[in-house]
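Let me begin by presenting the structure, written as structure tokens, before commenting on it.
The values are calculated or read from the model by the stated rules, or taken from the named source; none is laboratory data. Here the structure is a predicted model, which means the values were calculated and not measured. We place every Cβ from the backbone using ideal geometry, glycine too, and count neighbours over all the protein chains shown. Side chains included, ligands, DNA and RNA excluded: accessible areas come from the protein's heavy atoms. Shrake-Rupley method; radii C 1.70, N 1.55, O 1.52, S 1.80 Å.
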Protein chains: 2
Amino acid sequence: MAFTVREATVEDTVQIAALIKELAENENLSEQVTQAEEGLIRDGFTEGPYYKSLVAEVPADQACRGHTVVGFALYFPSYGTWKGRAIYLEDLYVMKGFHDRGIGDALLQRVTEIAIQNKCSLVNFVVRNNNFPSIDFYQAKGAVDLTKSEGWHLFRLEQEQLEKLTGGKGQNVPASPSP
Amino acid sequence: MAFTVREATVEDTVQIAALIKELAENENLSEQVTQAEEGLIRDGFTEGPYYKSLVAEVPADQACRGHTVVGFALYFPSYGTWKGRAIYLEDLYVMKGFHDRGIGDALLQRVTEIAIQNKCSLVNFVVRNNNFPSIDFYQAKGAVDLTKSEGWHLFRLEQEQLEKLTGGKGQNVPASPSP
């Protein structure tokens, strides 16, 4: 079945936002989705961009629940002190009903092409340890689970802790480098 | 003992590179450091910047092994589809002999100030599960171990896999968005 992979435009954001919500529901973590489409548009298109995205699209007559965009990959440049430039793959998702058609393969291949073109030596990402289909997919591509092999754990400071740590000072310091 | 925290300049890179090497040796992973000072200068100052860094500096009369820069933090903007803008803290390191002086606290506080100023709701980072002093340090600040609490594992595709996945195509595709 035909599909195309292309860079996302601002018009794709409605469909990407719906897929992000669907993905969070599959993870049983939909309560963690605290931003809506407006944030994705602002951060991807009107400010920044803070991320880049690719979509996989099928012809209109094959749409599912109004979706012609049936998959997406969202990534941004990252950096490692040991190996330099890298890509962080934040999300790669294909709707149920469109698996086993090579759409995930095509999205990941395009991300790896972009990595190589931009002199990135690594693509990093996180997967939950109960998400066996994704783990199988990535391991078949040669990905290594660094949490298992080297013991790396992902940590996070949330907004509440950030505010406590700065004692509100974050709001007042005048000279700030953009990150 | 007096120290100052400030944004790093290109002249600090020699000392930062030495601290990066020291940190990798402490992790027994120094074979993974495949880039030298030149890469850090290019990616932080002459191209990009792909990262930002802060240094903690002591007066010259308190230098240790030629180091007045006795600590650093290196970070870059990251993005989450669920919560939007974030900071990824790639490294935060303070030389042995300079611990227990609040230098790590001051570096982390400055990173969190920068996060808040840039409308980032999260600071993400990874720590090895045998690095108990660092885990204690971050957990005392309120950081959550998402690998433990939600099962997130860090995965990586290395250069060799990227080249296999693209079949060399990464070199030849003419139109490429910068990540």
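Around A:T13, with a cut-off of 11 angstrom between Cβ atoms, what is the net charge of the other residues, counting Lys and Arg +1 and Asp and Glu -1? Intermediate results must be reported in sequence, preceding the final value.
Details: positive: A:R42; negative: A:E11, A:D12, A:E37, A:E38, A:D43.
Net charge around A:T13: -4.
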(request) For chain A, set up a Gaussian network in which alpha carbons nearer than 10 Å are linked by springs, and say which option among A:L29, A:L108, A:L165 fluctuates the most. (result) A:L165
(request) Evaluate peptide A:73-79: per residue, the Cβ atoms of other protein chains within 10 Å of its Cβ; return the mean as an integer. (result) 6
(message) How far, in nm to one decimal, is A:A2 from itself in the other copies if the label point is set 7 angstrom along Cα toward Cβ? Shortest first, please.
(response) 7.3
(request) Would you jot down the residues in the stretch A:24-44 that end up with at least 50 Å² less accessible area in the complete protein assembly than in the chain alone, with a 1.4 Å probe? (result) A:Q32, A:Q35
(message) Probe radius 1.4 Å, ligands and nucleic acids left out: can you give me the accessible area buried at the B-A interface, summed over both chains, in Å² to the nearest hundred?
(response) 9000
(message) Could you report the stretch A:4-146's accessible area per residue, 1.4 Å probe, as an integer in Å²?
(response) 41
(message) Relative contact order of chain A, please, whole-number percent, based on alpha carbon pairs below 8 angstrom and at least 6 residues apart.
(response) 16
(request) From other protein chains only, count the Cβ atoms within 10 Å of every residue's Cβ in A:106-113, then give the mean. (result) 5
(request) Could you order peptides A:32-38, B:11-17 by the average number of other Cβ atoms within 10 Å of their residues, highest first? (result) B:11-17, A:32-38
(message) Quick check on the protein assembly as shown: take the gyration tensor over C-alpha atoms, sort the square-rooted eigenvalues as a ≥ b ≥ c, and tell me if it's rounded (a/c under 1.5), prolate or oblate.
(response) prolate
(message) Taking a point 7 Å out from Cα toward Cβ as the label site, list the nm distances between B:H99 and the same residue in every other copy, smallest first.
(response) 4.6
(message) What does the net charge come to around A:E27 if you take all other residues with beta carbon closer than 12 Å to its beta carbon, with K and R at +1 and D and E at -1?
(response) -3
(message) Quick test of the membrane-span-like rule: which DSSP H helices of chain A reach at least 15 Å along their long axis (C-alpha atoms) with mean Kyte hydropathy at least 0.0?
(response) A:13-26, A:103-117
(message) Given a 1.4 angstrom probe, I'd like the percentage of the accessible area of chain B that is carbon and sulfur, rounded to a whole number.
(response) 49
(message) Per q in 0.23, 0.25 Å⁻¹, report the Debye log10 I(q)/I(0) for the stretch A:26-79, using one uniform scatterer on each alpha carbon and no solvent.
(response) -1.08, -1.09
(request) Quantify how strongly other chains surround peptide A:48-57 by giving the mean number of their Cβ atoms within 10 Å of each of its Cβ atoms. (result) 3
(message) Going by Cα centres, the stretch B:79-124 and the stretch B:1-53 are how many Å apart?
(response) 16
(message) Please compute the length gained on full extension between A:R65 and A:A36, using 0.36 nm multiplied by the number of residues separating them and subtracting their Cα-Cα distance.
(response) 8.5 nm
(message) Between A:N129 and B:D100, how high is the FRET efficiency from 1/(1 + (r/R0)^6) when r is the Cβ-Cβ distance and R₀ = 51 Å? Nearest 0.05.
(response) 0.90
(request) Please provide three numbers in whole Å: the alpha-carbon extents of the stretch B:44-179 along the principal axes, with the largest listed first. (result) 54, 39, 32
